Each structure stands twice: as structure tokens, then as C-alpha cells.
Amino acid sequence: MNERLSFASKNILITGGLGFIGSALARRLVEIGANVTLVDSLIPEYGGNLFNIAGIEDRVRVNISDVRDAHSMKYLMQGQDYLFNLAGQTSHLDSMAAPETDLEINCRAQLSILEACRQYNPAVKVVFASTRQLYGKPDYLPVDEKHLLRPVDVNGINKMAGEWYHILYNNVHGIRACALRLTNTYGPRMRVKDARQTFLGIWVKLLLEGKSFEVWGGEQLRDFTYVDDAVEAFLLAAVREEANGQVYNLGGCEVINLRELAELSVKANGGGEFQVREFPADRKRIDIGDYYANDKRIRSGLGWAPRVNLQEGLARTFDYYRRHLQHYL
Ligand SMILES: NC(=O)c1ccc[n+]([C@@H]2O[C@H](COP(=O)([O-])OP(=O)(O)OC[C@H]3O[C@@H](n4cnc5c(N)ncnc54)[C@H](O)[C@@H]3O)[C@@H](O)[C@H]2O)c1
């Protein structure tokens, strides 16, 4: 992909642009010379953080607004060449405690964003951040895109509807759209204050503070995508026409169980300790067991492959938070 040719001077809107993955995408696009606008509500429980754009703050437009506000979305959508649609409520547990908020953001707002595209900018290309949570507890491994969708929590159901609205608008209204079903994504700028975005976040924080952390279960298999690899997938999906109407799993370089991941994290930190515990009951009820992706479709279809393995990715992550933890507490 010739990134400069594809994105330089192009108008790009990133919803959830002050969040973990959205800000990484923004950094990359600004480097390439794109005109980038970020929309983010900065709701404190979510991953948005102004520090995520430190160093590029003068080269992006930031609009603090909520994707549930159809009026701002209608205005913001106009004149955009690409929409990277990443705004979302990401906590599975919060989606069970406050299901209607999750519904409003991950489902209803997605429909109104797509309506804004249809009415005010039908030529825009949209890439949606979907999730492996749609599959629920896998029937087989690795999980490919043909696996039954059977979410185990409210978040998975609403993200599923959000994803399918995108595919529907592609198929019926000709709004070019596709979706990436992300697995656990990690790296610099993820939320580490708590486990709302990823359990790995709280592990990193506690390790850096010299405190012990808990691993629940320990034997579950998972795959992890380093954030730069995820960004690459978003860019590829945006420029490739054959992606329109498609959904793609993203995987990682390796499959690992959580106990091994905890050991690797301790090593990356240069020391630390953890305890393996039983799952708390509220988590156990919505746990999906083992998961790892079959991501052959995006590898063969778009030529994507993860490049950063866990050892390297964790080293970069700890390096970042060693310097900047205070901005994430
Ligand atoms: N990180 C992962 O492991 C992972 C896995 C699967 C899917 N995803 C999806 O990727 C997307 C980005 O996730 P992330 O990991 O960067 O999380 P994040 O919380 O850092 O980013 C989401 C951003 O959306 C913003 N946001 C939330 N609700 C909003 C609203 N109503 N209006 C405007 N902005 C709003 C938040 O403030 C935050 O900055 C999400 O849609 C998430 O569901 C992430």
C-alpha cells in the first residue's frame, strides 16, 4: 500500500479518536499528511485521554462531542473521505450493569452515524472497530468468520448490531463499509487505570507500582494484537475496495495462556509477582473460555500480518508507561 498516495491531504474522521487505538491511528495518519479530525466524548470511564495526542495536538482537529448526538455527527461527517469508526463502550461488565448506555453507544449511535453518511456523505469509506466478543464461547478453535455469532454479554450483542448496520449500509445503500473483529489489542496508550478496556492494562499498572496482580483462571488461551498492527489493518481495510461489505478477524503472532502472559509481563517489567485466583462470579458468567482467531481471510485477502510479537510489544508497552504512567492514573 502506498500510504501517502492513499491518505495524504485526505479528510479523515476518527470517532473515539482520543482513545487507545483511535489515537494510534491518528498519529500514523498525521505522519502521512492526512487532515485528521477526532471526535470523542471523553467520558471518564472510557479510554479517551488528551495525553494520547501529546505531540500531535497541533496537527489534528479535536471535537469533544458524543456520537449519540446526531446533530454533531451530521456536521462532522460532511467532506470526509474516510471514517474510522472506533467510538465505543468497551467494558463487558459495565454493559451488564448499564445495558442501555451500551445500547445507545454501540448500537443506536452506530445507526445514526451511518444515516449521517447516507444523507450527507454517501461517498465516504467506513471502517468499523468490531470485536471477537460477537462469537461468544467458541465452538471450535481457531475461530474463523463463519463461526456462529452467539454473544455472551450485552456488549457483544450491541457490537454485533453495530457491525451489521455497517454491512447493511454497504450492501443496501452503497456506503462502502467493512468491519475488523479485533481480539485483545494492547500497547502504549491503552487504559491502565482499571480493567475496563483490558485486564492487561491493570496488570501493567500494578507491576509498575510494584504491587501484586491477580490472574483469574490462568489456563485460558488468548491471542493479542499489538496496536501498530491493528492500525495497519485499519489502513489496509480503508483503501482496499475488495474489503467493502466484509468482516475480518484480526489475530496476533502467537497464542498464549493467561498464566504465561502474566509471566511474560513480569519479565518485561524486570520483576514482580501475581496470584492465580478463581474467577469472580460476575466475570465467570460472561467469560468466553479459550479464544484465538483464524485470521487467514485478512492475511490472504488484504495481505495483512501481525509483525510485533508479545515479547517486543510488552517491552514497548512497559517502556511507554514507565515514562508516562502519571497521565493514565
Ligand atoms: N482494545 C481492544 O482490545 C478491543 C477489542 C475489541 C474491540 N475493540 C473496539 O475498538 C474500539 C476502540 O477501542 P479502544 O481499545 O481504543 O478503547 P478506548 O476506550 O480507548 O476508545 C474508545 C473511545 O471512544 C470514546 N467514546 C466512547 N463513547 C463515546 C461516545 N458516546 N461518543 C464519542 N466518543 C465516545 C471513548 O472516550 C474512547 O476514547 C472500540 O469500539 C472497541 O469496542 C477494542
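No value in this document is a laboratory result; all are computed from the given coordinates. No experiment lies behind these values; they were computed from the predicted model shown. Glycine gets a Cβ as well: all are built from the backbone with ideal geometry, and neighbour counts include every protein chain shown.
How high is the relative contact order of the stretch 79-199? Use alpha-carbon pairs under 8 Å, at least six apart in sequence, and give a whole percent.
Numbers: 170 pairs, mean separation 39.8, N = 121.
Averaging sequence separation for qualifying contacts and normalising by length gives 33 percent for the stretch 79-199.
To the nearest 10 degrees, how steep is helix 227-239 against the longest Cα principal axis of the chain, on a 0 to 90 scale?
Roughly 20 degrees between the two axes.
Taking GluC sites (Glu not before Pro) as candidate sites, keep only those in a DSSP loop with at most 12 other Cβ atoms within 10 Å, then name the longest stretch of the chain containing none of them.
Numbers: sites that count: GLU209, GLU219, GLU273, GLU278.
The segment 1-208 is the longest one with no such site.
How many percent of DSSP beta bridges within the chain run antiparallel, rounded to 5? Don't skip to the end; give the middle numbers.
On the way: 3 of 38 bridges.
Expressed as a percentage, antiparallel bridges in the chain total about 10.
For helix 199-208, report the angle its Cα long axis makes with the longest principal axis of the Cα atoms of the chain; keep it between 0 and 90° and round to the nearest 10°.
Orientation of helix 199-208: about 60 degrees from the principal axis.
Out of the stretch 181-218, which trypsin sites (Lys or Arg not before Pro) are coil in DSSP terms and have no more than 12 other C-beta atoms within 10 Å?
Details: sites: ARG181, ARG189, ARG191, LYS193, ARG196, LYS205, LYS211; in loops: ARG189, ARG191, LYS193, ARG196, LYS211.
In loop regions of the stretch 181-218 (DSSP not H, G, I, E or B), the sparsely surrounded trypsin sites (Lys or Arg not before Pro) are LYS211.
Taking the Cα-to-Cβ direction at ARG150 and at ARG307 and moving 7 Å from each Cα, how far apart do the two end points lie in nm?
Calculated label separation equals 3.9 nm.
As I understand it, the value is the acute angle between the Cα axis of helix 310-324 and the longest principal axis of the Cα atoms of the chain; what does it come to in degrees, rounded to 10?
Helix 310-324 sits at roughly 80 degrees to that axis.
Any of LYS211/LYS267; LYS137/LYS159; LYS10/LYS159; LYS137/LYS284 with alpha carbons more than 21 Å apart? Name them for me. Working shown, then result.
On the way: LYS211/LYS267 15 Å; LYS137/LYS159 16 Å; LYS10/LYS159 28 Å; LYS137/LYS284 12 Å.
In this structure, LYS10/LYS159 exceed 21 Å between Cα atoms.
Using 0.36 nm times the number of residues separating LEU42 and LYS211, minus their current alpha carbon distance, what extension gain do you get? Don't skip to the answer; put the middle values down first.
Values: separation 169, 0.36 × 169 = 60.84 nm, distance 2.83 nm.
Value of the extension gain: 58.0 nm.
From the phi angles alone, apply the Karplus equation (6.51, -1.76, 1.60; θ = phi - 60°) to the stretch 36-41 and give each ³J(HN,Hα) in whole Hz, x where the residue is Gly or Pro.
Result, ordered by residue: 10, 10, 10, 10, 7, 8 Hz.
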